[in-house]
Structures are given as C-alpha cells and as structure tokens.
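Enquirer: Following this message is one structure expressed as structure tokens.
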Amino acid sequence: MPRFLPEAEDGPVRTLANTAVEGDHFILAAGAWASSLAPCYGSTLSTAQAVGYMRLTEEELERYKELPIYINFSIGWFNFPPHRESRMLKMAIHDWGYTRSPGPEEKALPGAVISIPPLKAPRERANFVPVDGEKRLRQGLREVLPELADRPFERAALCWYTDTPTGDFIVDLHPDYKNLFIAGGGSGQ
Ligand SMILES: *[C@@H]1O[C@H](CO)[C@@H](O)[C@H](O)[C@H]1NC(C)=O
C-alpha cells in the first residue's frame, strides 16, 4: 500500500501555512475538512448549517441560566445554554444543510467531490446565513423562546459538519494508506 500523502514522495507533507509535518503515522481529524483531504469514496458529505447568536440582557441571562440544550427534531431547531461571559445565546438548525461546490483550485483535492468547506483564508466565519436559514432560526425561536423572536441576531454563521449515510462516525485506518488513520464523519445526520 502507498504511504500517506502522495506529496510525501517529493518532500514532507505541508500545511497551508507551509509548515512541514513529518512522521511515520498520520491521524487526520480535521472535521468537515477531513473528507476533502483524503478520498472518502462517497461515504461522507460535508454540509453547512445555519447558526445564530443573540445577546441576552443580565436579567434574561438570570432567567435562562438553567436553560438546557433543547432540540425539536420536527423543525431541526436547537439551542445551547446561554454563555455566561458573553451573554450570548447560540441556536442552530440541524438538517440537511447547504452544500458548496469546490472552487477551481480546490478541485484537485483528493476528496473534493461534491461539497467542501472553504479551504483558504480568511478562516474567520463570515457573518452570513442564507435567508431561509435565518427564517428557520426565527421560526424555532418563536416556538421555543417567543419573547426573543423579534430580536436581531448579533451574528449569524454557517457551521460545517460531515454527514455519513448511516449517521455513524468514521474512526478507522484509511483503506488506501497503511499509515493514515481517520477520525471523521462527525455525523450530523
Ligand atoms: C416541534 O415543532 C413542531 C412544528 O412546529 C410543533 O408542532 C411541535 O409542537 C414542536 N414540539 C415541541 C415539543 O415543542
């Protein structure tokens, strides 16, 4: 079996920042990016999901301090407990998500088949969700925490994760490379 990565024959594996990574064994645990960096043969699909952040007042923070993680699977809306220091309430939609076709430079990646998160800088998440994503964030809020339903989001973003057909994680040696272990498919569905 060949060794990971093909480029290693011409020198060490390099990160985007051009740092050499040398070693006999590699563990690839790169979240939604993992499946574009090694071939996954259709066993994974990386998608982006809508996330919203809303700032609470001190009073609301007190009122919601025991708020549990809650999800309504019919609409996919879920929330995290409010963050004490930032007073931020984070909520998101758990669903099929949005795909993003690889750009011209990304097409050469071994796993860049259908959808991949942007690989290059800026790595900071854009303050953006598609219109229907924002609508769904609000719809869930209206149902679960109606008094917050009309407050503007402080920030919205897309959160990438990787689905597998069965919903199982993939934690295994890669079939093509005897020295590559993958931890991926942190499956949303
Ligand atoms: C989940 O959302 C659906 C659709 O809006 C609603 O009918 C249902 O009552 C909600 N379930 C709970 C437990 O809130």
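The values are calculated or read from the model by the stated rules, or taken from the named source; none is laboratory data. Note that this is a predicted model, so its numbers are computed, not measured. Positions of Cβ are backbone-derived with ideal geometry, glycine not excepted, and every protein chain shown enters the neighbour counts. These accessible areas exclude ligands, DNA and RNA; they are computed on the full protein's heavy atoms, side chains included. Shrake-Rupley method; radii C 1.70, N 1.55, O 1.52, S 1.80 Å.
Enquirer: Only one residue in Leu137, Leu119 is within 16 Å of the ligand (Cβ to nearest atom), among the hydrophobic types (A, V, I, L, M, F, W, C) and not in a strand (DSSP E or B), so which one is that?
Expert: Leu137
Enquirer: Look through Gly97, Gly186 and report the one residue that is under 30 Å from Leu61 (Cα atoms) and of a type outside the set (A, V, I, L, M).
Expert: On inspection, the qualifying residue turns out to be Gly97.
Enquirer: Considering only segment 58-98, how many residues are more than 16 Å from the ligand (Cβ to nearest atom), open to solvent by less than 90 Å² (accessible area, probe 1.4 Å) and of a type outside the set (D, E, K, R)?
Expert: So the answer is 10.
Enquirer: Just a yes or no: is a residue in segment 140-161 among the basic types (Lys, Arg) and either within 16 Å of the ligand (Cβ to nearest atom) or in contact with a Pro (Cβ under 9 Å, 6 or more places away or on another chain) (or both)?
Expert: yes
Enquirer: So Thr44 passes all but one of these: (1) at positive phi; (2) surrounded by 12 or more Cβ atoms within 10 Å (Cβ to Cβ). Which condition number does it fail?
Expert: (1)
Enquirer: Out of segment 16-33, which residues are open to solvent by 50 Å² or more (accessible area, probe 1.4 Å), assigned to a strand (DSSP E or B) and free of Cβ contacts under 8 Å to residues at least 24 places away in the same chain?
Expert: Within segment 16-33, Val21 is the sole residue that qualifies.
Enquirer: Of these, Ala34, Ala20, which one is of a type in the set (A, V, I, L, M) and within 19 Å of Glu105 (Cα to Cα)?
Expert: Result of the check over Ala34, Ala20: Ala34.
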